[in-house]
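Just below is one structure, and these are the notes that go with it.
The values are calculated or read from the model by the stated rules, or taken from the named source; none is laboratory data. Bear in mind the structure is a predicted one, so any value in this text is a computation, not a measurement. We place every Cβ from the backbone using ideal geometry, glycine too, and count neighbours over all the protein chains shown.
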Amino acid sequence: MSELADPTPLSELTTLGVGGAPERMLVATETDDLVDQLIELWQTDAPWMVLGGGSNTVATDDEIPGTVVLIRTRGIERIATDAGVVLRVQAGETWDDLVEYAVQHNLAGIEALSGIPGSVGAAPIQNIGAYGQELSSVLLGVELLDVDTGERSHVSASALGLGYRTSVLKRHGGADADRDAVVLSVDLLLTEADDGVGRPIAYAQLASALGVELGERVELMRVREAVLALRRSKGMILDPDDRDTCSAGSFFTNPIVPEAAARALPSDAPRWPLGEPDDSATVIPLDGSSDIIAPPPITGAVRPHVKLSAAWLIEHARIERGFHLPGSRAAISSKHTLALTNRGNARSSDIAALARFVQARVQAEFGITLQPEPVLIDIEL
Ligand SMILES: Cc1cc2nc3c(=O)[nH]c(=O)nc-3n(C[C@H](O)[C@H](O)[C@H](O)COP(=O)(O)OP(=O)(O)OC[C@H]3O[C@@H](n4cnc5c(N)ncnc54)[C@H](O)[C@@H]3O)c2cc1C
């Protein structure tokens, strides 16, 4: 049942630990009820938002206007098909519980996505990815409730505009999504691994941790354990005893720029020419004030783009791990340059000030504007 809850501050419901209380809060534990409640909400013009695990949301400390709906719906249904096993999973399931379930049931395809916090329903919003796997490679489709029509429909993954940390459902920064809808459930097509081994290892650091070559296949549980260990070493597994994990994960996406812009960077700047299947990506434009001018479009040809390392850019803009502004409780993680962390009692304004500082330094040094990865609620960078 959906129920009205006393509004809890978002500082207690988000992993970064900032954010004020909403005017009103609903908790939805059943999908049909979630639908009824949302449709009722949409009949008024009052603001609303949904929240899963709060691990990709950074909200203002001011009161959040309107209603926050916490999605806590549960259920994993297994459907056998000729192509493989489909798992239909309700939006409120915890992502990492689902990965554990898949690994335990010898289902391959998401083992390298172990340890990512948050809910299943939010996974397509930014097409989660890590260690050489991305949701888009196993996502068949989602059930959506569209805000404009109030209708439920099954939508195939190809209609979701999935790219590098993006989809048509994502509210980039605080902007409106291209498609305003709530994910009710997610269908994943996984491979039944009778031999217990996963998909080919596609990430050099993971291959090295496992002591295998890239492209080798390894037991699902070994992959999961290796990924969890790597993530823990970077503060990327939630741990109440480790302040470095009090973050929204990577705060900035890796910029994607025209090849000509990448050529202007120092030769040791890491760069990955795009074109690999899991890199079909949204192009993040260089800031208008940049000195680097993108080449004109070449008619009839695809202009090459290059993905850069946001972590390298930050470090080479002379911002070190652990860095914080004077008197601020927000700091760069001591383990991971891309994570902005709350060292205890940080305000949303501390996080925003640190993010702006990082952006300004990288912009001044390299002419590239880093884009935030989390969804920002009433916060401007
Ligand atoms: C320590 C740490 C490590 C991380 N590592 C990774 C990583 O390796 N790779 C990666 O891709 N991400 C990573 N993230 C980011 C985050 O975990 C993912 O983006 C995750 O999918 C967010 O899920 P959530 O339920 O917490 O989303 P929330 O923060 O609750 O919501 C995020 C956005 O999605 C919307 N939303 C949530 N549920 C729904 C729904 N059912 N329908 C429609 N909209 C919805 C919300 O309104 C909000 O706009 C990391 C975060 C942390 C804190």
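So, in the range 107-134, of the ones that are of a type in the set (A, V, I, L, M) and within 6 Å of the ligand (Cβ to nearest atom), which residue ends up farthest from Ile237 (Cα to Cα)?
Here the answer is Ile125.
Regarding Leu16, is this residue touching a strand residue (DSSP E or B) at 6+ places or on another chain (Cβ under 9 Å), within 28 Å of Pro372 (Cα to Cα) and in a loop (DSSP other than H, G, I, E, B)?
Yes.
So is Val155 over 22 Å from Pro374 (Cβ atoms) and in contact with a strand residue (DSSP E or B) (Cβ under 9 Å, 6 or more places away or on another chain) or not?
Judged against the criteria, Val155 is a match.
Could you list all residues from the range 39-57 that are crowded, with 20+ Cβ neighbours inside 10 Å and more than 10 Å from the ligand (Cβ to nearest atom)?
none
Would you check if Arg217 is at pLDDT 95 or above and assigned to a helix (DSSP H, G or I)?
For Arg217, the condition - at pLDDT 95 or above and assigned to a helix (DSSP H, G or I) - is not met.
Let me spell it out: the conditions are (1) without any contact (Cβ under 8 Å) to a residue 24 or more places away in the chain; (2) of a type in the set (Asp, Glu); (3) assigned to a loop (DSSP other than H, G, I, E, B), and Glu40 meets all of them except one. Which number is the exception?
Exception for Glu40: condition (3).
Select from the range 312-333 the residues that are surrounded by 17 or more Cβ atoms within 10 Å (Cβ to Cβ) and either assigned by TED's automatic domain parsing to the domain that holds Leu10 or in contact (Cβ under 8 Å) with a residue 40 or more places away in the chain (or both) and list them in ascending order.
If the condition is that a residue be surrounded by 17 or more Cβ atoms within 10 Å (Cβ to Cβ) and either assigned by TED's automatic domain parsing to the domain that holds Leu10 or in contact (Cβ under 8 Å) with a residue 40 or more places away in the chain (or both), then Trp312, Leu313, Ile314, His316, Ala317, Ile319, Ser333 are the ones that fit.
Which one is farthest from the ligand (Cβ to nearest atom), of the residues in the range 68-79 that are modelled with pLDDT of 95 or more and more than 23 Å from the chain's Cα centre (by Cα)?
That would be Arg78.
Please count how many residues of the range 169-200 are outside any strand (DSSP E or B) and within 16 Å of the ligand (Cβ to nearest atom).
12
If only one of Gly92, Gly121 is over 12 Å from the mean Cα position of the chain (by Cα), in the same structural domain as Leu162 (by TED's automatic domain parsing) and either closer than 20 Å to Tyr164 by Cβ or in a loop (DSSP other than H, G, I, E, B) (or both), which one is it?
Selected residue: Gly92, the only one of Gly92, Gly121 that is over 12 Å from the mean Cα position of the chain (by Cα), in the same structural domain as Leu162 (by TED's automatic domain parsing) and either closer than 20 Å to Tyr164 by Cβ or in a loop (DSSP other than H, G, I, E, B) (or both).
Filter the range 86-106 down to residues that are polar (S, T, N, Q) and under 23 Å from Tyr203 (Cα atoms) and give me whichever is farthest from the ligand (Cβ to nearest atom).
Asn106
I'd like the residue in the range 124-158 that is in a loop (DSSP other than H, G, I, E, B) and free of Cβ contacts under 8 Å to residues at least 24 places away in the same chain and, out of all such residues, is nearest to Arg72 (Cα to Cα).
If we take residues in the range 124-158 being in a loop (DSSP other than H, G, I, E, B) and free of Cβ contacts under 8 Å to residues at least 24 places away in the same chain, then Glu151 is nearest to Arg72 (Cα to Cα).
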